[in-house]
Amino acid sequence: MSPIEDLTRELQRLPGIGKRTALRLAYHLIKGEKEYIHRLARTLVRVADHIHPCPVCGNYCDGKLCSVCSDPSRDRGVICVVEEAYEVGAIERAGRYRGLFHVLGGRLSPLDGIGPDTLNIEGLVHRIEEAEAGPQEVILATNASVEGEATAVYLESLLRPHEVRVTRLARGIPVGSDLEYVDGTTIAEALAGRREM
């Protein structure tokens, strides 16, 4: 196999990248400056060698703990549970949440062979059981898919006996959207989660 075919095959393994896009990316890299390709390769090697899951929450980091777990100013009474590490960044960018996180590493999906033992669920339960002043609230921020909802229901049943408040992210109508274009399920969730003004 040629180096171009090897590169295309490797790029195609990335999420959301099909064969045509992978081929376009490969030729873009080949056309570019060699120094850029070498810098990209060094960066990828550095990521492979130094980035690892935080032993506490599962977020990715390059030190002993991630920046959230090592920040003493974070509210240790609240843990927000997300499916994937990149969702930590999405919540952080909102600028409103100052608690801790827990990354599951996916969501329950029996059809894909992903069960509770595959995810970082045991780590979450361990954090709640072993903490001196354990969290008072766990926010389940799994996605609004069938698998995300099933994961949230499963986690709620596991956490209920631990005397911790379990909440779910509110669902509703996105800011700036028109009701005319919003699906019925989203409108129903927004009505159910309405609050006083």
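Contact order, relative form, for segment 85-197: 18 percent (alpha carbon pairs under 8 Å, 6 or more residues apart, mean separation divided by residue count). Report note on the peptides 180-189, 107-116: ranked by the mean count of other C-beta atoms within 10 Å, highest first, their order is 107-116, 180-189. Excluding ligands, DNA and RNA, the accessible surface per residue across segment 126-169 is 59 Å² with a 1.4 Å probe. Within the chain, helices built from complete DSSP H runs that reach 15 Å or longer along their own axis (Cα positions) and carry a mean Kyte-Doolittle hydropathy of 0.0 or higher are 146-159.
The modelled label-to-label distance for the pair residue 129/residue 52, using points 7 Å beyond Cα in the direction of Cβ, is 2.4 nm.
Counting only residues at least eight positions apart within a chain, or on another chain, the aspartates and glutamates with an alpha carbon under 20 Å from that of residue 19 are 5, 6, 10. Length available on full extension from residue 92 to residue 189: 0.36 nm per residue minus the Cα-Cα distance, which gives 32.5 nm. Which of the three applies to segment 75-164, rounded, prolate or oblate, going by the alpha-carbon gyration tensor with a ≥ b ≥ c and a/c under 1.5 meaning rounded? It is oblate, given that a/c is not under 1.5 and a/b is not larger than b/c. Given +1 at the Cβ of Lys and Arg, -1 at the Cβ of Asp and Glu and no other charges, the dipole of segment 76-197 around its Cα centre is 460 debye to the nearest 20. Just the protein heavy atoms count here, and of the accessible area of segment 51-197 at 1.4 Å, carbon and sulfur take up 53 percent. The slack in the chain from residue 162 to residue 42, taken as 0.36 nm per residue of separation less the alpha-carbon distance, amounts to 38.6 nm. The eigenvalues of the Cα gyration tensor, multiplied by 5 and square-rooted, give the chain an equivalent ellipsoid with semi-axes of 35, 24, 17 Å from largest to smallest.
The values are calculated or read from the model by the stated rules, or taken from the named source; none is laboratory data. Given the structure is predicted, the values throughout are model-derived calculations rather than measurements. Glycine also receives a Cβ, built like all others from the backbone with ideal geometry; neighbour counts cover every protein chain displayed. What goes into the accessible areas is simple: the full protein's heavy atoms, side chains included, and nothing from ligands, DNA or RNA. Shrake-Rupley method; radii C 1.70, N 1.55, O 1.52, S 1.80 Å.
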